[in-house]
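Only one structure is covered here, and it is reproduced in the block below.
The values are calculated or read from the model by the stated rules, or taken from the named source; none is laboratory data. Note that the structure is predicted; figures quoted are calculated from it, not measured. As a convention, Cβ positions derive from the backbone with ideal geometry for all residues, glycine included, and neighbour counts pool all protein chains shown.
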Amino acid sequence: MTIRVLLADDQALLRSAFRVLVDSEPDMEVVGEASDGAQAVLLAKERRPDVVLMDIRMPGTDGLAATRLISEDADLAQVHVVILTTFEVDDYVVQSLRAGASGFLGKGSEPEELLSAIRIAAGGDALLSPAATKGLIARFLAQGDGDDDRAPSAPSGSARSPDASARCSSRSQEATPTTRSPSASRSAR
């Protein structure tokens, strides 16, 4: 199966670089390029990509608004948005996920990470860059709940994994995919 990718970034040079990278993969093809969010939404409806690589900051309709429009459109239920940005700040991560993005990656990522992110999103999974994951964990821990000394109780009938912390820390050096069912992905958007 060929993964159909739509590129949305206001910088033509970056779109061209992303096109060369994506088109160099035998299992991927770029099906369109948009220079703003409104154009990205229109092209998503026309071309039905599997994945949209979406910049956050674009003139007119920004990437967050475009992501929201795509994720709320029932006809685009199979389109997954991966946010690509220079600005890996916690607020953008949270806003992106709330808008319905399946992934969040910094533009400083390695080419292999970007290609992996496309494949992960196309497969229906979600991912965050290591920097985004670290920021969200820090934000979550800073909120606290007043019971920091007490271990959480496992829901009845579930098994607690004693090495979950070790797995989490060992994955901090790579993009973190998260599996969600398609219906959960849509309802989370």
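Taking the criterion of being in a helix (DSSP H, G or I), over 18 Å from the mean Cα position of the chain (by Cα) and more than 23 Å from M1 (Cβ to Cβ), the residues of the range 27-43 that qualify are A38, Q39, L42. Looking at (1) over 12 Å from I118 (Cβ atoms); (2) modelled with pLDDT of 95 or more; (3) among the β-branched types (V, I, T), which one does T61 not meet, given that it meets all the others? Condition not satisfied by T61: (2). The single condition from (1) modelled with pLDDT of 95 or more; (2) more than 21 Å from R19 (Cβ to Cβ); (3) touching an Asp or Glu at 6+ places or on another chain (Cβ under 9 Å) that A132 fails is (1).
List the helices (runs of 4 or more DSSP H) that sit entirely inside the range 53-139 and contain at least 3 residues that are over 12 Å from the mean Cα position of the chain (by Cα). Please lay out each step first, then the result.
On the way: elements: 63-72, 90-99, 111-122.
Fully inside the range 53-139 and qualifying: 63-72, 111-122.
Just one of (1) closer than 17 Å to I118 by Cα; (2) touching an Asp or Glu at 6+ places or on another chain (Cβ under 9 Å); (3) surrounded by 15 or more Cβ atoms within 10 Å (Cβ to Cβ) fails for S35. It is (1).
Residues in the range 18-26 include none that are in a strand (DSSP E or B) and either crowded, with 18+ Cβ neighbours inside 10 Å or basic (K, R) (or both). A Cβ distance below 6 Å, combined with a sequence gap of six or more or placement on separate chains, defines the contacts here; from the range 18-31, residues that are under 14 Å from R47 (Cα atoms) reach residues that are loosely packed, with under 15 Cβ neighbours inside 10 Å and among the polar types (S, T, N, Q) in the pairs E29/T2. Of all residues in the range 123-135, those that are without any contact (Cβ under 8 Å) to a residue 40 or more places away in the chain have Cβ atoms under 7 Å from Cβ atoms of residues that are assigned to a helix (DSSP H, G or I), 6 or more apart or on another chain, in K134/S172. If you go through the range 30-58 and keep only what is in contact with a Ser or Thr (Cβ under 6 Å, 6 or more places away or on another chain) and farther than 16 Å from V82 by Cα, you end up with just A38.
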